[in-house]
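The values are calculated or read from the model by the stated rules, or taken from the named source; none is laboratory data. Predicted, not measured: the structure shown is a model, and the values here were computed from it. Here Cβ is always computed from backbone atoms with ideal geometry, including for glycine, and neighbour counts include all displayed protein chains. Only protein heavy atoms, including side chains, enter the accessible area calculation; ligands, DNA and RNA are left aside. Shrake-Rupley method; radii C 1.70, N 1.55, O 1.52, S 1.80 Å.
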Amino acid sequence: MAAMTREEELRQKMKSYWQVYSPSIESMMLSNDAKYLAENEQNEVLSYLPPYQGKRVLELGAGIGRFTSHLATVAGHVTAVDFMQEYIDKNEQDNKHMGNISFMCADVTKLDFPAGSFDLVFSNWLFMYLGDKETRGVFERTMKWLSPGGHFFVRESCYHQSGNVKRNENPTLYRTPLEYCSLLHSVTTEDQALYKILRGKSILTYIHYHGNPNQLCFLARRVEGEESDQLSQFLQREYSVVNILGRERAHGYMWWSTGGEATNRDFCTRLNLRPGMRVLDVGCGTGGSAFYMARHYGVHVHGVDLSTNMIHIAIERQGKLEETLKKRLQFEISDILTVDYEQESYDVIYSRDSIFHIPEKQKLFEHIYRWLRPGGVFFFTDFCTGAAIPSKEFVTYVDRVKRYALAGKDSYVKELESAGFADVTSEDLNDDFIKTSKAELKAFTSTREAFIVDFSEEDFAEISSALANKEEKYPGHRPHCPYELCVGASSDPALNQPLCCQGCPKHGEEARGFCRKMLEAIQSDDFTLSHSQDFKDTLQSDSDTKWLLNVRYFAQGFTHADIRVPEVRRGQTVVGLRSVAASGLIPRTPTGQRSRMSNKGPASQDFLDSNQYSRKSILRYERIFGHTWVSTGGETTTKDFLIKMNLRPGMRVLDVGCGTGGSAFYMARHYGVHVHGVDLSTNMIDIAVDRLNREEKFLQAMVKFEVGDITKVQYDNASYDIIYSRDTILHIPNKEDLYRTLLAWLKPGGKLFVTDYCRGDCEHSQEFLDYVKRRGYDLRTVETYGKVLEGAGFKDVEAVDMTQTFVSVLKNELKYFEPTREAFVQDYSEKDYKEIVDGWRQKIVRCSAGDQAWGMFLATK
């Protein structure tokens, strides 16, 4: 007997696997909840199919017929195929009476039909039982079986199993959504037919019932070569996974639009979001806005993006969230112009910097108008053209290279009104946009070494140039220039061109000198856009040439618009809008064991865990500081402070009072440093460890957390490059001894960075003194604090009073927190909300009165 091939062995293994289960709904779904799931998912799955009335349908992996009868009710004829005789017999027994079904027991890897036999091929839980080679082979044959314009529906379990039936073995292949998309895209034919992925999403039934986004379905259409979607293909190239993750290093983890969370939370305050609302996020990217709105406002967000890579990343991250949050989210690959969602089904439609990709804006706005409920809000920001006439090169760049469909702000307003919206308002955000871009560039430049380790010098140059110019790569220049900077507003049109580092004859020596200076500046560690004024001054000597750094997209009249539609008028009726170790927790040696303090004082572990830092208190604080943050300003202030630290990949950082891990995660991800976080609060560390275990493997290897009393643990001398602490040491009375200890742990030349609560230089009110005593704080003036560091042996001590910044941050935190009141009270209580708001207001009052201060301290060993 001839030996079986690998494929034949796999087929036999799968057959043996399924022979264990009797042909029933529970065995088909491998779930004890099968009845509920089947009833609720069937309509959802079938609603994803294209019109197939009277058409020819091939059902692969038909099983006992969960979908066969539904398909046959609409289709002209259904061919139901399964490789298990017992299952297909059950299907035939139940559905033969319909008269338009053919039943076949066959191995799909050996199946064949004449070309053009079917209009729709439907598969459900099939390809996760086939290898990649076999799957590709079936995808190729399916292409042949489909008629021109025919559709292919695929539904699979991704990432991990969903069913809860106990299994002795599980040979299932759990691919990612991206792998299925890649397999579909890899199929071509001699006549240049290919698959165009029309839609792809997580099954909402599984999200709502199990908090499980790993059930994915995809709808693809057979198209001929000339019908392929050029925009979709462009986005696949433009938004590769590497490019997406690289850009997140500039905008923020999970963020793809300018300003990341900072601008998003500002915009969300304008939307009057309330728990239970439904939001459609158009161009959702990797999910940042969706995650933020769901977490802070309690809304349900449907995120849509044309980029399969964006959605793959978003779904993968959704799967790692806490269950209550996962249930509020759904992500979908979709061309927003070709789908049609249920009318009046969304309270808010939100979009960040995406619509400029879409030429047919009028059509989009008409769709959005239909999808909004009466009273709903449509909010978006976008790149727009201004009044100035752009250069020929810029037009070529926009139209041919980037395929952007830019329109003027006034044009947007007219098209919105034409779609049915009324009282459309718009706001020019250009100045804020440029300011934000400068800040992002400054922070991004400080992470250069770590970025290049993870990506490349070329990627760094590309993103830096994009942030500096807002034009990204510019056409018509020598391709070897890594930065491709542009200068504009010249009296000589020939000089109103991009400059490259090698130059070209028509640019002239002066232009080449300008470019060389700009390149040197960008490569320096402290580059900001302010250099542009220096270069302008340098070259001003030529009276015929007025130079400035070309942020032409904006400075010459291209604006970044914020458009909100607050009200729509329909007929005569005014309606509101429509119109570490594996666990991440490291055990300590006896010299560094966690403190079991016997007292119950305000600074003790027991007191903190039971009161100010109970688990509930920590999580509610995060709602105002930001997810994973329990220090003033959250990521915003952290990002600014870390620029001062000169962090380099491979450095060792001790994070004293690490809280729930925000600073540690940020430093490891953006700077490539190894972070050891220590905190006295068991609850803080428990939360931090839980989150670390949900992070990517590379991050788990770079971060570790420990419960410990920093005044009692013992670490090796000269073992850390940086010691970092945010608003923690106020709990410790004996700062002098602590800082001598921290000095010993630092390597020679190592840096200490601390922010801490301080007291002002005034006679304090009794209310303030009572507050300090009640909290058990030990507060010094900023000047005195600096002298403590000098007395401990630190050099080059900087003691900076940051109280005004502190007050500004507190006001902003209140501004963004107060609109989330309904969702917060729903998750906690009115009392909790009042305590936080009152606490922040009291801090503002204490600082304004001169009682309280906030100090920043930087010192060197």
The orientation-averaged projected area of the Cα convex hull of segment 799-850, in nm², is 4.0 nm²
Suppose we take every Cα in segment 614-662 and form the convex hull; what volume per residue is that in Å³? 83 Å³
Integer Hz, Karplus 6.51/-1.76/1.60 couplings in order for segment 104-115, x for Gly and Pro: 9, 9, 7, 7, 4, 6, 10, 6, 8, 9, x, 4
List the pairs from Lys438/Lys644; Lys704/Lys747; Lys55/Lys96 whose alpha-carbon separation is above 24 Å, in the order I gave them. none
What number comes out for the charge environment of Asp281, summing +1 per Lys or Arg and -1 per Asp or Glu over other residues with Cβ under 9 Å away? 0
Cα pair distances in segment 81-139, grouped into 5 Å bins until the bin that holds the longest one, percent each: 4, 14, 23, 26, 19, 10, 3, 0
In whole angstrom, note down how far apart the Cα centers of segment 336-363 and segment 185-211 are. 20 Å
Ordered by residue, what ³J(HN,Hα) values in Hz, to whole numbers, does segment 351-364 give under the Karplus form 6.51 cos²θ - 1.76 cosθ + 1.60, where θ = phi - 60° and Gly and Pro are x? 8, 10, 6, 10, 5, 5, 6, 9, x, 8, 5, 4, 4, 4
Would you mind working out the accessible area per residue for segment 370-455, using a 1.4 Å probe, and quoting it in Å²? 45 Å²
Using a cut-off of 11 Å between beta-carbons, work out the net charge of the residues near Lys834 (Lys and Arg +1, Asp and Glu -1, Lys834 not included). -1
Compute the Cα gyration tensor for segment 681-804, then decide on rounded, prolate or oblate, letting a ≥ b ≥ c be the square roots of its eigenvalues: rounded whenever a/c is under 1.5, prolate when a/b is larger than b/c in the other cases, and oblate in all that remain. oblate
From the P(r) of segment 28-159, could you give the percentage of C-alpha pairs in the tail past 18 Å? 52 percent
For segment 710-801, what % of the accessible area comes from carbon and sulfur atoms, probe 1.4 Å? 45 percent
Compute the signed sum of charges (Lys and Arg +1, Asp and Glu -1) over the other residues within less than 11 Å, Cβ to Cβ, of Gly150. +4
Can you give the accessible area per residue of segment 713-861, in Å², using a 1.4 Å probe? 45 Å²
Rg/Rh over Cα atoms for segment 723-861, Kirkwood Rh, comes to 1.04
